[in-house]
Amino acid sequence: MSNVRVVVVGASTGLGRCLAIGLGQRGASVALLARRESLIADAAREAGPESFAIPCDVTDEASCRSAIGQAAEKLGGIDAVIISAGIGELRRIEELDAATWQRVFATNVVGASLITAAALPHLKESGGMVAFLSSVSASLTAPWPGLASYTVTKAALDKLVEAWRAEHLEVGFTRLIIGECAGGQGEGISQLTASWDMELAGELFPAWTARGLLTDKLIDVDHLVGAVDALVRFGSSASVPTLAITPRRPI
Ligand SMILES: NC(=O)c1ccc[n+]([C@@H]2O[C@H](COP(=O)([O-])OP(=O)(O)OC[C@H]3O[C@@H](n4cnc5c(N)ncnc54)[C@H](OP(=O)(O)O)[C@@H]3O)[C@@H](O)[C@H]2O)c1
């Protein structure tokens, strides 16, 4: 995959970090974006000599434009953007206040669109693509009690992918539906549940079990890297509107 120029947004921890390092080690030049600068700097070193870190907060439009502009300049263009940035609040629905709803929408939906808008001219020029990391909880499973803001924003993200495709057929837009994935080693371990109130998780656990939401299987993050490697190489030349990688059987 030499000379493929990839931006990974949300590359400091978890799946985004594994994707950035994995794609870099497979020959891509990678720009790693996230808020925590020392984590993306470390990951960029692991990804290889053609990779580098750029701080970015997707909830800030100026930061999105500046980071994508710097990435395009340093990479000499952009062939693919992988949007892994996301947050997952665990809270009972009646306890979700306006600030929390706004923060989760700003990160999981608006941020994904701002990054895509900033990258659009570069992707049109290269015939490139964007992959958006969505979740089984938004489309393939019954609703998860306690995860309303997460699943609602991921469902909105699914529609966002369609909306981008409707207006820009010249760029590839893929909804990447992910099931449970622990990530990799060290900072590559998913931190999505790190902020959860584990007492509340314990209270909700029986409802998750009763609804058959839990699975004892996990996706191997290397399989995810392999799938995204293929998507990135397709660019806009192959239409892959949705790719689901989940340990579940179809329902
Ligand atoms: N792990 C799973 O089982 C699973 C399943 C389905 C879907 N997903 C999706 O996969 C994606 C990655 O999840 P993960 O498990 O790897 O979680 P994670 O370890 O918490 O990673 C989330 C990433 O998002 C970044 N991020 C959060 N807010 C940001 C902001 N305002 N600006 C820029 N970056 C921001 C974080 O970086 P900073 O905090 O440094 O900014 C971090 O790099 C998420 O979209 C998640 O919904 C994961």
* Asked: How about segment 1-42: which of its residues are within 9 Å of the ligand (Cβ to nearest atom), under 24 Å from ILE178 (Cα atoms) and either modelled with pLDDT under 95 or over 13 Å from the mean Cα position of the chain (by Cα) (or both)?
  -> ARG35, ARG36, LEU39, ILE40
* To do: Considering (1) within 13 Å of the ligand (Cβ to nearest atom); (2) under 19 Å from ARG26 (Cα atoms), say which one LEU75 fails and leave the rest.
  => (1)
* Asked: Which ones in segment 187-213 are within 13 Å of the ligand (Cβ to nearest atom) and exposed (fewer than 11 other Cβ atoms within 10 Å of the Cβ)?
  -> THR193, ALA194, SER195
* To do: Residue by residue through segment 186-221, note down the ones that are touching a residue at least 60 places away in the same chain (Cβ under 8 Å) and of a type in the set (Phe, Trp, Tyr).
  => TRP196, TRP208
* Starting from segment 6-34, take each residue that is touching a residue at least 12 places away in the same chain (Cβ under 8 Å) and assigned to a loop (DSSP other than H, G, I, E, B) and list its partners that are near the ligand (Cβ under 6 Å from one of its atoms) and among the hydroxyl-bearing types (Ser, Thr, Tyr), counting only C-beta distances under 8 angstrom and pairs at least six apart or across chains. => GLY10/SER84; ALA11/SER84; THR13/SER190
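Restricting attention to segment 78-98, which residues are out of contact with any Ser or Thr (no Cβ under 6 Å at 6 or more places or on another chain), farther than 20 Å from VAL228 by Cα and away from the ligand (no atom under 11 Å from the Cβ)?
LEU90, ARG91, ARG92, ILE93, GLU94, GLU95, ASP97, ALA98
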* **Qualifying positions in segment 135-178 - part of a loop (DSSP other than H, G, I, E, B), out of contact with any helix residue (DSSP H, G or I) (no Cβ under 8 Å at 6 or more places or on another chain) and within 12 Å of the ligand (Cβ to nearest atom)** => LEU140, THR141
* To do: Please work out which residue is surrounded by the fewest Cβ atoms within 10 Å (Cβ to Cβ), limiting yourself to segment 214-241 and to residues that are part of a helix (DSSP H, G or I) and β-branched (Val, Ile, Thr).
  => VAL225
* To do: Go through (1) surrounded by fewer than 20 Cβ atoms within 10 Å (Cβ to Cβ); (2) away from the ligand (no atom under 11 Å from the Cβ) and name the single condition ASP60 misses.
  => (2)
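The values are calculated or read from the model by the stated rules, or taken from the named source; none is laboratory data. Here the structure is a predicted model, which is why all the values come from computation and not from measurement. Cβ coordinates were reconstructed from backbone atoms using ideal geometry, including for glycine residues, and neighbour counts include every protein chain displayed.
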